[in-house]
Every structure is written in C-alpha cells, then in structure tokens.
Amino acid sequence: PANNMTLWGELLNASGRPLLIEDCLDKHWWVPGKEPPTPTVQLLRDCPSNFYRTTTDILASFYSIMGNLMTSAAFVKEHETADGPVSRPGCWAYPDMLQVGHEISLVESFTHFAAWCITSAP
C-alpha cells in the first residue's frame with residue numbers, strides 16, 4: 001500500500017482539503033528487472049497526483065540539468081499516446097527541481113529556466 005499512489009491520491013483527496021500531490025512515479029529508483037507496484041502507463045492514465053517527476057535526482061551542474069532534460073524528453077516520447085499528452089493540466093510532468101541560481105552560471109540558469117518553460121514543467 002505504501003507505493004500505491006492511486007490509493008494515496010484517493011485518500012488525500014477524500015479529506016476535502018485542497019492540496020497538491022507530487023509523485024516520483026516508478027522510474028529508475030525501482031529494482032531493475034522487477035515490475036513496479038503500479039505500471040507507469042496506468043499511473044499516467046489515472047494520474048493520482050497533480051505533478052510528477054520524469055527523471056532521477058538533479059545536481060547543480062549543467063551536465064546534470066541537460067541530462068535530466070534529455071531523460072524527460074525520452075520519457076515523454078516513450079509514454080505519449082493517442083489518448084492524450086503525458087503532461088497536461090492537473091497532471092504536470094517535470095524534470096526534477098530547478099537549479100536556477102544554485103552553483104550554476106547566469107547563462108546556464110537562463111537556459112535551465114527556458115527549458116522548463118519549453119517542457120511545460122509547473
């Protein structure tokens with residue numbers, strides 16, 4: 001039950017209190033070769049969270065930033081379907097946190113922020 005985000009989303013939303021739910025999905029942290037508790041396709045269809053990460057942890061380096069953006073682009077390409085976009089209102093995808101102003105140059109910060117805008121990150 002601890003990894004069942006659909007159940008958690010239902011329970012939290014049943015509280016009647018407005019809140020945002022974030023989910024890291026079942027990406028690279030899951031045991032290689034073992035099925036995740038809920039398939040990614042089902043999580044994206046049901047979207048029990050308001051926003052979710054599409055990448056692993058980011059570091060304060062431009063290489064990490066660009067690597068996460070490339071991983072996010074591959075995730076979107078892999079999971080886009082005719083049923084609708086992977087990132088959409090109420091179910092936003094994002095490539096981990098912004099590193100703007102955190103040990104990267106001003107130009108790298110501008111680039112990172114612009115890339116978040118391009119990827120529709122919340």
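The values are calculated or read from the model by the stated rules, or taken from the named source; none is laboratory data. What you see is a predicted model; the values in this text were computed from it and never measured. Don't worry about glycine lacking a Cβ; one is built from the backbone with ideal geometry, like all the others, and counts go over all protein chains shown. Side chains included, ligands, DNA and RNA excluded: accessible areas come from the protein's heavy atoms. Shrake-Rupley method; radii C 1.70, N 1.55, O 1.52, S 1.80 Å.
Key figures for this structure:
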{"quantity": "Residues with amide H under 5 Å from that of Trp92, placed H, sequence gap 5 or more", "calculated": "Phe51, Tyr52"}
{"quantity": "Whole-Hz couplings from phi, Karplus 6.51/-1.76/1.60, listed for segment 51-66; x for Gly and Pro", "calculated": "8, 8, 7, 10, 9, 7, 4, 9, 10, 7, 8, 5, 5, 5, 4, 5"}
{"quantity": "Angle between the chain longest axis and helix 106-118 axis [Cα atoms, degrees, rounded to 10]", "calculated": "30"}
{"quantity": "Highest to lowest packing among 95-103, 77-85, scored as the average C-beta count within 10 Å", "calculated": "95-103, 77-85"}
{"quantity": "Convex hull of Cα atoms in the chain, direction-averaged projection (nm²)", "calculated": "8.5"}
{"quantity": "The chain - accessible surface per residue (Å², probe 1.4 Å)", "calculated": "63"}
{"quantity": "Estimated distance in nm for a label pair at Glu80 and Phe62, the labels positioned 7 Å out from Cα along Cα-to-Cβ", "calculated": "2.7"}
